[in-house]
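Working notes for the structure below.
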Amino acid sequence: MNSKSLISRILLVLVAVALIVLALPRNDRQTLSYEEGHPWRYPLLTAPFDIPIYLDSATIRHATDSVTRNFAPFVKYEDSARVASINRLEHSGILDVKVNQLRRLVNNVYEHGIMSPALRNRVKKTTERQVRILADDNSASSVDASGAVSTDEACKWVTDHYQEGWGGSYSLTEEDITRLRQSITPNIIPDPATDSLYMGQALLSISSGQGKITQGQRIVDRGEIVTPQIYTNLRTYEDMLAKQGSDSAQSMLMILGQLLYVICVFTILFTYIRIYRPAVYANLRMMVFIVSIITLFVLFSVLMFETFTLGIYLVPFATVPVMVLIFLDSRTAIFSLLSTILIAALVATYQFQFVFMQFMAGSAAVFCLRQLSRRSQLLRSSFASFCAYCIAFTVAMLITQGSLEGLEAKIYLAFAINSVLLSLTYVLIFLIEKIFGFTSMVTLVELSDINNPLLRRLAEEAPGTFQHSMQVSTLATEAARAIGANTTLVRTGALYHDIGKLQSPIFFTENQHGVNPHDGLDPETSARKIISHVTVGEEMAEHAKLPTVIRNFILEHHGRGLTKYFYNTACNNAGGPVDTAPFRYPGPNPRSRETAILMMADAVEAASRSLKDYTPEAIDKLVNKIIDGQMADGLFRESPISFADVEKVKDTFKKRLATIYHTRVAYPERKV
């Protein structure tokens, strides 16, 4: 691999690592997940430093309400208010004989104290019925205000006592009462500034620390119910951790640790692919696909974890190996799963439990799927994944807690949602095929349906070619199965390899019925007509938007071979060798085991039609001659197929042709 390819893969990993590390939390909060009123599931948690104890929110609310309700208000006594009220009363227009009596009563009520109705109501709500006065030396003293009255109460008291003692002919009129009310003003005045100061101090004392948890002291132990106070202590602990994590040196070290961790995981994955899957490693699109799906699922898991309490268990991690399996292979799928969950474990609450559960679920999904060819297989994998989740979670609870008390319905609901999301992987298959240009087994199965418009047209317009393609598909599929190649790909590619013959079906032997148009043509023209079915077929496939892997079968099934019939005819006509260029297919030669199998199956099936004797010896000779000739021409040099594979393919063809052309028993004629 050249340096440019290596640099591109390094950059790919660096981009993925940067995105993941930037998304990861920067403090230890991600390691704790708890709910008020539920048991603490972690081991004993001790304070790594002194932690102040704050009241929990409910206690603070209750204490705040109590302080506000029983707070003795601060007031000021206005001695001049009595004199001013008497003066107003004397000049109010009330008869002097009435004023003399009212003056004594007003003086009396001022002895108890008069305040505004609002202040009076506030004092009445307190337990002690006291007010406070701030002295010149800033000391506060309390005064009993239970006898104090509001202005309205003072007016009513004066009026009632006047009527009882001195009513007679000098009773108060409504106008007199109104003037009396206007004359009386409070002599106990609120002091809002001092009120606010002392109220703030009282509330501050509530929210301030009520002691501390010293370093090494227990915060909470396993199985202990998280009470409101413990919950508050844990939040304080986390906030202090976050503040310490904001320290630049510590933060940089944490980022460095996360960076190295993610790089290590990707390094192991890339090393595996480089050693055991060199073809995948050499394909940059495949590497981008693997790294992208891992990165996206890790980022999604971080988002879900920080959004929902059980969010990380809603992420269908089993989708990663399923997607990789569909487009690559099972071993790479398992490695991709492990890489994803090892990185995502950085934000998981119970890391051992998380890795164990995700590995179980992902493995179950892969083992049940193997090769996706029907939608129903995804439903089966989803169900297997759900069962694996439930079993793994139960096992993890027994290991970590030694009981099943932590089993909750919402956990299993999260697993069910996870499995439903896994069943929707079918949608992602379509997107990945469009984005990366891959072809899934599902697409191949759909394309192999003979009711596909292109195959239907081939069956109607070139029935001989269609039957030839079906026979080649059968032969090639059996051979692919024998050597462990992709049978679905071979089957589908074989069905489409000759669609170019639709342009001029009559020029091909299998579609002729007595009339051969080549009889009136020179060898070069005939060769050109035969060779054109490759280029025409590729154009038709592109117009029909067939996947690249299928178009490769069309281009490579003759490779750079010769149209030997017409080349030999041209040589005979010329009395010696002629230029091979007009008689050579455009190629390229087969570049995969699957296209190499098709080349062999195509030639063998076509040649077998010309056999006059279908004995095992004749079939063996034909198969060996055709395939050995292709190997001698160097047509398989660019294909990874081995000599052992070729021998297995030969044996498969011989057995299959012997079965197809076996001798049938002749039925006797009836004589009587």
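The values are calculated or read from the model by the stated rules, or taken from the named source; none is laboratory data. Everything quoted here is computed from the prediction, not taken from an experiment. Glycine also receives a Cβ, built like all others from the backbone with ideal geometry; neighbour counts cover every protein chain displayed. Surface areas here come from the heavy atoms of the whole protein model, side chains and all, with no ligands, DNA or RNA. Shrake-Rupley method; radii C 1.70, N 1.55, O 1.52, S 1.80 Å.
For the range 296-325, the set of residues classified as of a type in the set (S, T, N, Q) and either at positive phi or buried (at least 18 other Cβ atoms within 10 Å of the Cβ) (or both) consists of 301, 319, listed by residue number. Taking the range 460-479 as the range and being open to solvent by less than 20 Å² (accessible area, probe 1.4 Å), among the hydrophobic types (A, V, I, L, M, F, W, C) and assigned to a helix (DSSP H, G or I) as the test, the residues that pass are 472, 475, 476, 479. If the condition is being at pLDDT 90 or above and of a type outside the set (A, V, I, L, M, F, W, C), then the range 603-616 contributes only 605.
For residue 280, are the conditions met, namely being within 18 Å of residue 322 (Cβ to Cβ) and open to solvent by less than 40 Å² (accessible area, probe 1.4 Å)? Against the criterion (within 18 Å of residue 322 (Cβ to Cβ) and open to solvent by less than 40 Å² (accessible area, probe 1.4 Å)), residue 280 qualifies. Just the residues that are open to solvent by 40 Å² or more (accessible area, probe 1.4 Å) and touching a residue at least 60 places away in the same chain (Cβ under 8 Å), please, taken from the range 119-142. Scanning the range 119-142 gives 132, 134, 140, 142. Is one or more of the residues making up the range 492-499 of a type in the set (Phe, Trp, Tyr), part of a loop (DSSP other than H, G, I, E, B), surrounded by 20 or more Cβ atoms within 10 Å (Cβ to Cβ) and out of contact with any strand residue (DSSP E or B) (no Cβ under 8 Å at 6 or more places or on another chain)? Looking through the range 492-499, none of the residues is of a type in the set (Phe, Trp, Tyr), part of a loop (DSSP other than H, G, I, E, B), surrounded by 20 or more Cβ atoms within 10 Å (Cβ to Cβ) and out of contact with any strand residue (DSSP E or B) (no Cβ under 8 Å at 6 or more places or on another chain).
Considering the range 536-563, the residues that are open to solvent by 40 Å² or more (accessible area, probe 1.4 Å) and not in a helix (DSSP H, G or I) include one that is farthest from residue 526 (Cα to Cα), namely 545.
Quick check: anything in the range 400-416 open to solvent by 50 Å² or more (accessible area, probe 1.4 Å), modelled with pLDDT under 85, under 21 Å from the mean Cα position of the chain (by Cα) and farther than 21 Å from residue 331 by Cβ? Yes, there is a match, as at least one residue in the range 400-416 is open to solvent by 50 Å² or more (accessible area, probe 1.4 Å), modelled with pLDDT under 85, under 21 Å from the mean Cα position of the chain (by Cα) and farther than 21 Å from residue 331 by Cβ. Would you check if residue 647 is in contact with a Pro (Cβ under 7 Å, 6 or more places away or on another chain), open to solvent by 70 Å² or more (accessible area, probe 1.4 Å) and at pLDDT 90 or above? Against the criterion (in contact with a Pro (Cβ under 7 Å, 6 or more places away or on another chain), open to solvent by 70 Å² or more (accessible area, probe 1.4 Å) and at pLDDT 90 or above), residue 647 does not qualify. Here the range 89-115 is the region considered, the condition is being closer than 17 Å to residue 178 by Cα and in a loop (DSSP other than H, G, I, E, B), and the residue that is most open to solvent (accessible area, probe 1.4 Å) is 91. Counting the residues of the range 619-644 that are assigned to a loop (DSSP other than H, G, I, E, B) and of a type outside the set (Ser, Thr, Tyr) gives 8. Selection within the range 510-524: residues that are in a helix (DSSP H, G or I) and more than 23 Å from residue 581 (Cα to Cα). The member of this set that is least open to solvent (accessible area, probe 1.4 Å) is 511. Looking at the range 208-242, which of the residues that are of a type in the set (D, E, K, R) and at pLDDT 75 or above is least open to solvent (accessible area, probe 1.4 Å)? Selected residue: 238.
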